[in-house]
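Participant: Quick one: this structure, given as structure tokens, is what I'll be asking you about.
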Amino acid sequence: MKIRNTILLFGILSIITLIAVQIIIVKGIWDQKDEMFNLRYRLYSQDALSMMSRRWSTDGFDTARLVVSRFSEQAVQEILMVKEDSSVAKIKGEVLEIVTEILNKEQDLSKFLSDYFGRQGIDKNFKYRIRINRFDLINADTVIPVYMSEEFANRINRRPPPQGQNASRPAPQHISEIYVRGDRTEDNNFRWDFDYFIDFTDKQRVILKETSASLGMGILSILVVVILFMITYRNLMEEKRLSDLKTDFINNMTHELKTPLSTITVAGRTLEMPQIRSNDDKILETARLIGKQSIHLNQLINMILEISMWERTQFQVELKPVQIEDLMNDIVESFKTGCGNCAAVNRKFNFNGAKANLDTVYFTTLVNNLLSNAVKYCETEPIIEVEGFTEEENAVIRVADNGIGISRSDQKHVFDKFYRASSGNIHKYKGLGLGLYYVKRIAEAHGGDVSVSSKPGKGSIFTVTIPYLN
């Protein structure tokens, strides 16, 4: 468990590190593309402004200046006639609104830039924004301040610009805005200072399109690493599980083989004792014990050899038509007699005289293994319910017990070779982990299958399905 958690933690940390690196790389590429986008439009904008100045001797705001100058002459007279401060403030607010409207309505720069961008083959759809930094009314030698932004006030007072801002270029209000030009004009009626910005609504889409290859490669590399990690982790866990199975099998096999060998060794030494050799009954009892343990040892060895043979060659069964109900009654009776009525076996068969192609030897072994397990893995008086019936085209045999049960995690592997459930993988319950594997192989060799339903402490239900003859 510790190794598993360590590998999992290391893998998660590696994936998180990779994701962080990819985010940093993609962000760097995104910022670079964003700056290149801004630089491209700043350069084109400067070219457009130069062309306007050379060809038409205008910057696109000549009409706006003329209209604002006429309006300012009237606004100055109106403000000078008002004595109340509140009324003056109200008029100044209205003046600022009108000047802003005139600037946006009477400027020609936006149309010229759009046409110029179109001729250059780049995106020409943008929004513009004019930010007024300062506006004053002038009458002879009188200057009437109307508006001044805080940023502009800081600038003229020579305060250091906020960290990260360029002192030579006003900071845009929105991250997508691109500074084009500023204007500082003073004539007989007004003085203003404003900045002109353009804003591309699909800028993010354009940058995303340009960075999509890098973003896709980053996501793909993360997915590949995650998939490879999951495959590697699953393989490591599977190898560990198989290694644990191998270790458990060797331990169980050693224990199972040592028991009859130790008994035979002790019995052999017992026969050497003088008092035993003179007692025919003791000799006969000891000989029977040796014979019984020899048979048990031979069965263990044969089972291992038979499993090995199955792995090398295809499993072969000799099938012949058999009355299922008669065979099941014989198996149950033989089991009860063989184990000395070690369990209460209740049976309920309703096969309706159905026959199936069965290898009676192997099929008997299949049912006996299920019945033996029901007895072996029970900590109380074993009660076994054996039920048989036909369903669709299959004969169904269900063996239910009141044993220790099998956990959900163990149920997925309980039919694997050498696997023993965690609750049964102790020497209190003898076995090599081959019994249920044997059951699975025999059921499949007959064209059927076997499944299990169980809850720890509540017992288990094994269901075998075998096709029957119509």
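Participant: Only four residue types carry charge here, +1 at the Cβ of Lys and Arg and -1 at the Cβ of Asp and Glu. Report the dipole size of segment 32-165 about the Cα centre in Debye, rounded to the nearest 20.
Facilitator: 580
Participant: Subtract the Cα-Cα distance of ILE383 and SER453 from 0.36 nm times their separation in residues, and report this length gain in nm to one decimal.
Facilitator: Result: 23.5 nm gained on full extension.
Participant: While we're looking at this one, here's another question. With 10 angstrom as the radius, rank PHE71, PHE462 by how many other C-beta atoms surround their C-beta, starting from the fewest.
Facilitator: Fewest-to-most Cβ neighbours within 10 Å comes out as PHE71, PHE462.
Participant: According to the Cα gyration tensor, what semi-axes, each the square root of 5 times an eigenvalue, does the equivalent ellipsoid of segment 320-467 have, listed from largest to smallest in whole Å?
Facilitator: 24, 17, 14
Participant: Please compute the net charge surrounding THR211, taking Lys and Arg as +1 and Asp and Glu as -1 over other residues with Cβ under 13 Å from its Cβ.
Facilitator: Cβ neighbours under 13 Å give a net charge of +1.
Participant: Still on this structure: Exposure proxy check: LEU223, LEU109, LEU327, LEU80 ranked by fewest other beta carbons within 10 Å?
Facilitator: Numbers: LEU223 10, LEU109 23, LEU327 18, LEU80 13.
By the 10 Å Cβ count, ascending, the order reads LEU223, LEU80, LEU327, LEU109.
Participant: Excluding LEU66 itself, what net charge comes from residues whose Cβ is under 12 Å from its Cβ, given Lys and Arg +1 and Asp and Glu -1?
Facilitator: Value of the local net charge: -2.
Participant: Please list the non-local residues whose amide H lies under 5 Å from the amide H of ARG347, H modeled 1.01 Å from N, same-chain partners needing a gap of 5 or more.
Facilitator: Amide H neighbours of ARG347, under 5 Å, 5+ apart: VAL386.
Participant: Something else: Enumerate the residues in segment 178-193 having an amide nitrogen under 11 Å from the point lying 7 Å beyond the Cα of GLU151 toward its Cβ.
Facilitator: 178-179
Participant: Is there a quick way to get the dipole size of segment 320-467? I mean about its Cα centre, with the Cβ of Lys and Arg at +1 and of Asp and Glu at -1; what is the value in debye to the nearest 20?
Facilitator: The calculation lands at about 600 debye.
Participant: What's the local net charge at ALA89, with K and R +1, D and E -1, over the other residues with C-beta under 14 Å away?
Facilitator: Values: positive: LYS83, LYS90, LYS92; negative: GLU78, GLU84, ASP85, GLU94, GLU97.
The answer is -2.
Participant: Let me ask something else. Once amide H atoms are placed 1.01 Å from N in the peptide plane, what residues at a sequence separation of 5 or more from ARG181, or on another chain, have their amide H within under 5 Å of its amide H?
Facilitator: TYR196
Participant: Still on this structure, please answer the following. Grab the eigenvalues of the alpha-carbon gyration tensor for segment 22-61, scale each by 5, take roots, and send me the semi-axes largest first in whole angstrom.
Facilitator: Semi-axes from the Cα gyration tensor: 35, 7, 4 Å.
Participant: Treat the count of other C-beta atoms within 10 Å as a stand-in for reagent exposure and order LYS124, LYS355, LYS348 from fewest to most.
Facilitator: LYS348, LYS124, LYS355
Where a number appears in this text, it was derived from the coordinates with a stated rule and is not lab data. From a predicted model like this one, the values you see are computed outputs, not experimental measurements. Note: ideal-geometry Cβ built from the backbone for every residue, glycine included; neighbour counts use all protein chains shown.
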